[in-house]
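**Q** Just dropping this structure here.
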Amino acid sequence: MRPWAEVIALILLSRGLRPVGGLKIAVCGKGGVGKTLVAGVLARLLAREGFRVLAVDCDSNPNLYSTLGISREVAEQVVPIAEDLDLVEERTGARPGAGWGSFFSLTPKVDDIPARYAVEGPDGVRLLVVGSPPRAGSGCLCPSLAFVRELLRHLVLYERDVVVMDMEAGLEHFGRAVARGVDLMLLVAEPTEKALLAVERMAPLARQLGVGALWAVLNKVTGESDIAWARERLEKGLDLPLKAAIPFDRAVLEADRAGISPLDAHPGSPAIKALEGLKEEVLAWREASSR
């Protein structure tokens, strides 16, 4: 039997309403377009507004820590949840890779994971490194998949803090149970044909999955012509509002090479100012949505 909290949440979602709790933001897009920059800086800017923020790194190559301002030494001590085989076995009853035919729980206990495994960074942002289930050449990885799916579902439906998720490239991994609880999805692209094609594939799928609101964010912009070209495709072609245009900024590149958060290295840079504008858009939208 499902807990009453879950039953209520599912009823709300079926009626187009959002469960009571913090704001849930998923940052998605093609690989290399700057999802991590958007997720990490936005998480810290929201924390500076007084919110308790949980930043979740769902990428198979997790590096959100650097954008958040957490040192590499600390990050190297963190084992992604999906790769903690002992934890997965403890919670699901089966060890990933043990082979087909194992019985395991599809609804493992996950409510204590953020408190036990998140590490705190600057501005009080907590980082939870989920990663994605390891891709082995043989053996069944179903317990890891079930554990990650249930953890993300819990974070979206029940976590009462602001949750900013830096997702794996694409949407193939993004299940309906998770997507339907997301308040806002940011589809990040750069002004290239390949990046825009990726957004054109992801936007309809995100709507089919039931995401609350869907915005586009354009990164690495070199001029007004980039914005005009992308806006034509996004807003007129997809009915997808372009909420931020982040300029190409060498300060971001220099901060990355130094392993420092761009928010700490160059707080007044053009890219950071554009992300501050995105933060204001998010706050205004949240205020309007709560009325």
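**Q** Looking at the range 32-41, which of its residues are closer than 16 Å to residue 276 by Cβ and in contact with a strand residue (DSSP E or B) (Cβ under 6 Å, 6 or more places away or on another chain)? Steps first, answer last, please.
**A** Going through the range 32-41, the residues closer than 16 Å to residue 276 by Cβ turn out to be 34, 37-41.
Within the range 32-41, 34, 38, 39 qualify.
**Q** Here is a follow-up. In the range 159-174, what residues are farther than 12 Å from residue 54 by Cβ and in contact (Cβ under 8 Å) with a residue 40 or more places away in the chain? Give the derivation first.
**A** At the first step, the residues of the range 159-174 found to be farther than 12 Å from residue 54 by Cβ are 167-174.
167, 168, 169, 170, 171, 173, 174 - these are the residues of the range 159-174 that are farther than 12 Å from residue 54 by Cβ and in contact (Cβ under 8 Å) with a residue 40 or more places away in the chain.
**Q** Which of the residues that make up the range 246-279 are of a type outside the set (A, V, I, L, M, F, W, C), touching a Ser or Thr at 6+ places or on another chain (Cβ under 9 Å) and closer than 13 Å to residue 40 by Cα? Working first, answer last.
**A** So the first thing to find is which residues in the range 246-279 are of a type outside the set (A, V, I, L, M, F, W, C), and the list is 247, 249-250, 254, 256-257, 259, 261-262, 264, 266-270, 273, 276-277, 279.
Cutting the leftovers down to touching a Ser or Thr at 6+ places or on another chain (Cβ under 9 Å) gives us 247, 249-250, 256, 259, 261-262.
Within the range 246-279, 256, 261, 262 meet the criteria.
**Q** In the range 259-286, what residues are outside any loop (DSSP other than H, G, I, E, B), among the hydrophobic types (A, V, I, L, M, F, W, C), closer than 18 Å to residue 63 by Cβ and open to solvent by 20 Å² or more (accessible area, probe 1.4 Å)?
**A** Selection gives 265 alone.
**Q** Look through 94, 55, 115 and report the one residue that is under 30 Å from residue 263 (Cα atoms) and crowded, with 17+ Cβ neighbours inside 10 Å.
**A** Details: 94 fails: under 30 Å from residue 263 (Cα atoms); 115 fails: crowded, with 17+ Cβ neighbours inside 10 Å.
Only one candidate qualifies: 55.
**Q** Moving on to the next point. Check whether at least one residue in the range 163-172 is in contact with a strand residue (DSSP E or B) (Cβ under 6 Å, 6 or more places away or on another chain) and closer than 14 Å to residue 32 by Cα, and report yes or no.
**A** yes
**Q** Just to verify a result, which residue in the range 62-74, among those that are touching a residue at least 24 places away in the same chain (Cβ under 8 Å) and assigned to a helix (DSSP H, G or I), is surrounded by the fewest Cβ atoms within 10 Å (Cβ to Cβ)?
**A** My answer is 72.
**Q** Condition (residue is at pLDDT 90 or above, surrounded by 19 or more Cβ atoms within 10 Å (Cβ to Cβ) and under 18 Å from the mean Cα position of the chain (by Cα)) applied to the range 82-91: is it met by at least one residue? Give the steps one after another, and end with the answer.
**A** Initially, the range 82-91 is screened for residues at pLDDT 90 or above, giving 87.
Those left that are additionally surrounded by 19 or more Cβ atoms within 10 Å (Cβ to Cβ): none.
The answer is no, given that none of the residues of the range 82-91 is at pLDDT 90 or above, surrounded by 19 or more Cβ atoms within 10 Å (Cβ to Cβ) and under 18 Å from the mean Cα position of the chain (by Cα).
**Q** Further question: What number of residues within the range 34-80 satisfy the criterion of being under 17 Å from residue 188 (Cβ atoms) and of a type in the set (Asp, Glu)?
**A** Number of matching residues: 2.
**Q** Within the set of pairs 6 or more residues apart or between chains, which connect a residue that is free of Cβ contacts under 8 Å to residues at least 40 places away in the same chain and within 14 Å of residue 222 (Cβ to Cβ) inside the range 247-270 to a residue that is of a type outside the set (Val, Ile, Thr) and open to solvent by less than 60 Å² (accessible area, probe 1.4 Å) with Cβ atoms less than 7 Å apart?
**A** Qualifying pairs under 7 Å: 247/271; 247/274; 249/269; 249/271; 270/247; 270/249.
The values are calculated or read from the model by the stated rules, or taken from the named source; none is laboratory data. The structure presented is a predicted model; accordingly, all values stated were derived computationally and were not measured. Reconstructed Cβ throughout: ideal geometry from the backbone, glycine too, with neighbour counts over all protein chains shown. With ligands, DNA and RNA removed, areas are computed over all heavy atoms of the protein, side chains included. Shrake-Rupley method; radii C 1.70, N 1.55, O 1.52, S 1.80 Å.
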